[in-house]
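Read the structure below first, then the notes.
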Amino acid sequence: MELSEAAAIKLPRSTSLERGDGLLVRLRPVYEGLIHFSLFVCASISVLVTVGIVVVLLYESVQFFFDVSIIEFLTGTRWAPLLKPQHFGILPLMCGTILVAGGAAFVAVPIGLGTAIYLSEYASPRFRDVVKPMLEILAGIPSVVYGYLAVVFVSPIIRYVFPSAGVFNAASACIVVGIMILPMIISLSEDILQSVPLSLRGAAFALGANKFEVTVRVVVPAALSGIIASFLLAISRAIGETMAVTLAAGATPKLTLNPLESIQTMTAYIVQVSQGDTPTGTVEYRTIFAVGLTLFISTMTMNILAQYILSRVGEKYE
Amino acid sequence: MSSNKLDLYTTKPRGRISNFLFTSLCFLATMTCVLMLLVLIWNIIIQGKGWLSWDFIERLPSRFPHKAGIKTALYGSIWLIGLTALFSVPLGVGAAVYLEEYAPKNRWRKLIQLNISNLAGVPSIVYGILGLGLFVRALAFDRSVLSGALTLTLVVLPIIILASQEALRSVPDSIRRSAYALGATRWQTVWYQVLPASLPGIMTGVILALSRALGEAAPLIVVGAMAYVPFVPESLSDEFTSLPIQIFNWTARPQEEFHHLAAAGILVLLILLVSMNAIAVFVRHKYGKKIRW
């Protein structure tokens, strides 16, 4: 390493070396300590955010469960907190959420995995250099734009093919959310596929396997746990997705698995209530927090599971 | 490191058809992605281009589609992004510096690290609920720009921390050791050597995080961004709206004209996002190469 190529190691100005007993030098331990402390505070804030989320969600939810029995909340089949008589069964919202997340996975998993395999195993470097930035653009489009596309572009097509579908339908939400989570599946799965050691491929080739066999029987199985983790992360993202679902799927909490009907997800419900003027402290207001808690628990579980799987992937080849 | 380098591609008669079919299917999947992107963007351009004009940018919102514009939404977004940057950059970079340069490698650090990567996966609407409970109600900032920006800060904080950590980690240890050898203290080492060296990476991460904040609508709706704000925010406590929220409101209306307005708004939003990304690419390209170890 030549000196000129090294990062410019310039001496910090006047305080560079211990010179005499200048005030700055004597105060150094003090401000070093202060800086250390304030950086520590910055890092602690991330922990405080998590604590904050849990405290805020629990605090209001507990009050909610004083008014509504937790059994009704978890098993009731009607969700109508804003109408009289009120019903507080979260199952329809859960059902809507699962329908959208499942549908999105149905769209995104095969396309995403196929693309990841193509980019990792078959594509020429030049082709990858063109396609990967395009997929990054797909990832950078805000979710409200996908909502717009669902309403203006996808939904009319679905109604053309299935005339029985409503203006608002779960299918259009499934499709756009599927497109939204595609880049995530592709980039994570591709990373995992690339990390399968070359020696494994070479060994399979040496045994006389052809490219197809190497990919399908060796590379993909070796990367399988990581690929599944990427699916989990993407589905968790689909569960938490809000704007596209709110715009596309409508606002009718319903226990149905028919994608042509209008449904409501947990996130869409939260948006619906937030837009109205629900006074603080009422049961209706607290439903936001109870639904939010359910959402938080479900996505958090999937994320932790995925991260546990991912943390074990690297160990295999060492 | 793709297996292309091995170039052991075999075309034995056995399995040639399945080989071909599989390759085509995978290629088809890739092309589907690319095609979808093109169709989606094409659709927005077709719908919105006739409605995009300087007038559109300078007009206030209106019930009449031909008089409506995005002035308040645009200014609201600028306020939000500016404030979010002000809060999230020092906090995020500070946290990253602590974790990478100061924190002893013990269980606590691992726990904080795990916590941050999990926070990155929390749905943004949950941050909205936190903002509603904490900033709007408990601290009584009300439905103000300040509440909105603080909420967005929480949304982007994990992204900034993770990106900055990545950048700090890429600075080789030899730089730190040579600074220590010259008698620099820990902070001097960080401030004069490590941070400048990792700045391109940190900047890229910050810009990407802020462009995420620019497109975010869900947490702001929960915090209480208004559908109709006829004024540009002038102080921290003013009510606000933002571009994605304006787009959301226009899309939610049944009339066709408003959908065109939404498309025009999306074009403005996408132009902003693309320019931010261009800056990120430029920074990485220009300053990323200067430092070589």
**Study point:** Every residue from the range B:66-82 that is out of contact with any Pro (no Cβ under 7 Å at 6 or more places or on another chain) and open to solvent by 20 Å² or more (accessible area, probe 1.4 Å)
**Key:** B:HIS66, B:LYS67, B:LYS71, B:LEU74, B:ILE78, B:ILE81, B:GLY82
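Taking the range B:99-111 as the region of interest, how many residues are of a type outside the set (D, E, K, R) and open to solvent by 20 Å² or more (accessible area, probe 1.4 Å)?
Within the range B:99-111, the subset of a type outside the set (D, E, K, R) is B:99, B:102-104, B:106, B:108, B:111.
From what's left, open to solvent by 20 Å² or more (accessible area, probe 1.4 Å): B:104, B:106, B:108, B:111.
Of the residues in the range B:99-111, 4 are of a type outside the set (D, E, K, R) and open to solvent by 20 Å² or more (accessible area, probe 1.4 Å).
Select from the range B:114-132 the residues that are under 21 Å from A:HIS36 (Cβ atoms) and either in contact with a Leu (Cβ under 7 Å, 6 or more places away or on another chain) or outside the structural domain of B:LEU152 (by the TED database) (or both) and list them in ascending order.
Just the residues of the range B:114-132 that are under 21 Å from A:HIS36 (Cβ atoms), to begin with: B:115-116.
Answer for the range B:114-132, where residues must be under 21 Å from A:HIS36 (Cβ atoms) and either in contact with a Leu (Cβ under 7 Å, 6 or more places away or on another chain) or outside the structural domain of B:LEU152 (by the TED database) (or both): just B:ILE116.
Condition check ((1) more than 10 Å from chain B (Cβ to nearest Cβ); (2) within 14 Å of A:THR287 (Cα to Cα)) across all residues:
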| site | (1), (2) |
| --- | --- |
| A:VAL30 | yes, no |
| A:HIS36 | no, no |
| A:LEU58 | yes, yes |
| A:VAL62 | yes, yes |
| A:PHE66 | yes, yes |
| A:SER69 | yes, yes |
| A:LEU74 | yes, yes |
| A:PRO81 | yes, yes |
| A:PHE88 | yes, yes |
Review point. Within the bounds of the range B:32-40, is there any residue that is open to solvent by 50 Å² or more (accessible area, probe 1.4 Å) and touching a residue at least 60 places away in the same chain (Cβ under 8 Å)?
Key: no
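Can you find even one residue in the range B:154-177 that is under 30 Å from B:GLY224 (Cα atoms) and polar (S, T, N, Q)? Walk me through how you get there before you give the answer.
Our first condition is that a residue be under 30 Å from B:GLY224 (Cα atoms); within the range B:154-177, this holds for B:154-163.
When the remaining residues are screened for being polar (S, T, N, Q), the result is none.
No, the range B:154-177 contains no residue that is under 30 Å from B:GLY224 (Cα atoms) and polar (S, T, N, Q).
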Check your understanding: Residues of the range A:46-56 being surrounded by fewer than 18 Cβ atoms within 10 Å (Cβ to Cβ) and either more than 7 Å from chain B (Cβ to nearest Cβ) or over 18 Å from B:LYS110 (Cβ atoms) (or both), which ones?
Key -> A:LEU48, A:VAL51, A:VAL54, A:VAL55
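In the range A:140-163, what residues are facing chain B (nearest Cβ under 10 Å), in a helix (DSSP H, G or I), among the aliphatic types (A, V, I, L, M) and open to solvent by 10 Å² or more (accessible area, probe 1.4 Å)? Lay out the reasoning, then the answer.
As a first pass, look at the range A:140-163 and keep what is facing chain B (nearest Cβ under 10 Å): A:140-154.
Okay, now just the ones that are also in a helix (DSSP H, G or I), so A:140, A:143-154.
Filter once more, so that each one left must be among the aliphatic types (A, V, I, L, M): A:144-145, A:149-152, A:154.
Residues satisfying the conditions are A:VAL151, A:VAL152, A:VAL154.
Quick check: is even one residue across the range B:213-229 of a type in the set (D, E, K, R), under 30 Å from B:SER62 (Cβ atoms) and buried (at least 19 other Cβ atoms within 10 Å of the Cβ)?
Yes, some residue in the range B:213-229 is of a type in the set (D, E, K, R), under 30 Å from B:SER62 (Cβ atoms) and buried (at least 19 other Cβ atoms within 10 Å of the Cβ).
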Review point. Is it the case that B:THR251 is touching a Leu at 6+ places or on another chain (Cβ under 7 Å), farther than 19 Å from B:TRP54 by Cβ and open to solvent by less than 10 Å² (accessible area, probe 1.4 Å)?
Key: yes
Review point. So which of A:PHE106, A:PHE64, A:PHE73 ends up being of a type in the set (Phe, Trp, Tyr), in contact (Cβ under 8 Å) with a residue 24 or more places away in the chain, touching a Ser or Thr at 6+ places or on another chain (Cβ under 8 Å) and part of a helix (DSSP H, G or I)?
Key: A:PHE64
Review point. For A:ILE111, which of the numbered conditions (1) closer than 30 Å to B:CYS33 by Cα; (2) more than 10 Å from chain B (Cβ to nearest Cβ) fails to hold?
Key: (2)
Study note, to complete from the structure: Taking the range B:169-186 and keeping residues more than 7 Å from chain A (Cβ to nearest Cβ), in a helix (DSSP H, G or I) and open to solvent by 40 Å² or more (accessible area, probe 1.4 Å) leaves B:ARG169, B:ASP173, B:SER174, B:ARG177, B:TYR180, B:ALA181
Review point. From the residues in the range A:76-98 that are part of a loop (DSSP other than H, G, I, E, B) and open to solvent by less than 50 Å² (accessible area, probe 1.4 Å), which one is nearest to B:PHE20 (Cα to Cα)?
Key: A:ILE90
Study note, to complete from the structure: The residue from B:THR151, B:THR189 that alone is closer than 27 Å to A:ASN303 by Cα and more than 8 Å from chain A (Cβ to nearest Cβ) is B:THR151
Point to revise | Exclusive hit being within 23 Å of the chain's Cα centre (by Cα) and modelled with pLDDT of 90 or more, set B:GLY205, B:GLY224, B:GLY288 | key: B:GLY205
Review point. Has the range A:135-157 got any residue that is without any contact (Cβ under 8 Å) to a residue 60 or more places away in the chain, of a type in the set (D, E, K, R) and closer than 21 Å to A:THR256 by Cβ?
Key: no
Check your understanding: Among (1) under 17 Å from the mean Cα position of the chain (by Cα); (2) open to solvent by 10 Å² or more (accessible area, probe 1.4 Å), which single condition is A:ALA101 missing?
Key -> (2)
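The values are calculated or read from the model by the stated rules, or taken from the named source; none is laboratory data. This structure is a prediction, so every number in the text was calculated from the model and none was measured. As a convention, Cβ positions derive from the backbone with ideal geometry for all residues, glycine included, and neighbour counts pool all protein chains shown. Side chains are part of the model used for accessible areas, which takes the heavy atoms of the whole protein and leaves out ligands, DNA and RNA. Shrake-Rupley method; radii C 1.70, N 1.55, O 1.52, S 1.80 Å.
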